[in-house]
Amino acid sequence: MTTRILFVCLGNICRSPSAEGVFRALAAEAGLEVETDSAGTSDWHVGNPPYAPMQAAAKARGFDLSDLRARQFTARDFEAFDLIIGMDDSNVGSIERLRPAGSQTPVQIFTDFTSETGMDHVPDPYYTRDFDQTLDLVQAASLGLIARLS
């Protein structure tokens with residue numbers, strides 16, 4: 001059975017597309033059947049590719065994000081996905097405000113899937129400029145999520 005996972009951040013140009021790209025590559029290596037997507041809680045960047053510095057940092061690690069395009073999270077995503085993953089508490093709050101009555105789709109923060117980083121959220125590299133930290137966290141959490149799904 002294929003698990004459908006949605007990664008969500010604010011603008012869908014740094015954290016969530018890197019989470020999607022890294023997770024799908026690592027899941028494929030692990031032989032896991034997953035469908036992935038990413039979205040933002042805002043509509044600021046709809047239709048745009050991931051932020052160029054984020055793409056460059058990911059590519060340096062062997063992850064290609066170039067096929068991804070930003071979209072906005074909607075209430076319909078609760079029906080379309082088995083698991084929704086936010087990058088921080090603010091993202092999770094924005095997601096939960098759109099939850100339809102009766103929806104049981106789990107929503108978690110990505111760092112819940114790893115304890116090795118000591119972080120309780122994935123900081124936004126658009127503001128911190130630390131793209132490598134984001135990728136470190138995303139890779140660790142991706143491996144933890146893969147272990148949990150296996």
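Derivation of every value follows stated rules applied to the coordinates shown; laboratory data play no part. Every value quoted in this text rests on a predicted model; they were computed, and no experiment measured them. Using ideal geometry, Cβ is built from the backbone for each residue, glycine included, and neighbour counts are taken over all protein chains shown.
Evaluated against (1) on the phi > 0 side of the Ramachandran plot; (2) buried (at least 21 other Cβ atoms within 10 Å of the Cβ), Gly118 falls short on exactly one condition, (2).
If you go through the range 1-19 and keep only what is over 11 Å from Ala70 (Cβ atoms) and either assigned to a helix (DSSP H, G or I) or not aliphatic (A, V, I, L, M) (or both), you end up with Thr2, Thr3, Arg4, Phe7, Arg15, Ser18, Ala19. If I ask for residues that are closer than 19 Å to Phe81 by Cβ and in contact (Cβ under 8 Å) with a residue 40 or more places away in the chain, which ones from the range 29-52 would you list? The answer is Leu32, Val34, Asp37, Thr41. Is it the case that Ala25 is small (Gly, Ala, Ser), in a helix (DSSP H, G or I) and crowded, with 20+ Cβ neighbours inside 10 Å? The answer is no for Ala25.
Can you tell me which residue is nearest to Ala57 (Cα to Cα) among those in the range 122-150 that are without any contact (Cβ under 8 Å) to a residue 40 or more places away in the chain and surrounded by 18 or more Cβ atoms within 10 Å (Cβ to Cβ)? That would be Leu137. What are the residues in the range 32-60 that are of a type in the set (D, E, K, R) and either in contact with a Leu (Cβ under 6 Å, 6 or more places away or on another chain) or surrounded by 18 or more Cβ atoms within 10 Å (Cβ to Cβ) (or both), if any? Residue satisfying the conditions is Asp37 alone. Candidates in the range 74-113 are the residues that are within 18 Å of Thr2 (Cβ to Cβ) and of a type in the set (A, V, I, L, M, F, W, C); of these, the one that is surrounded by the fewest Cβ atoms within 10 Å (Cβ to Cβ) is Ala80. Kindly establish whether Ala58 is closer than 22 Å to Met119 by Cβ and touching a residue at least 24 places away in the same chain (Cβ under 8 Å). Yes.
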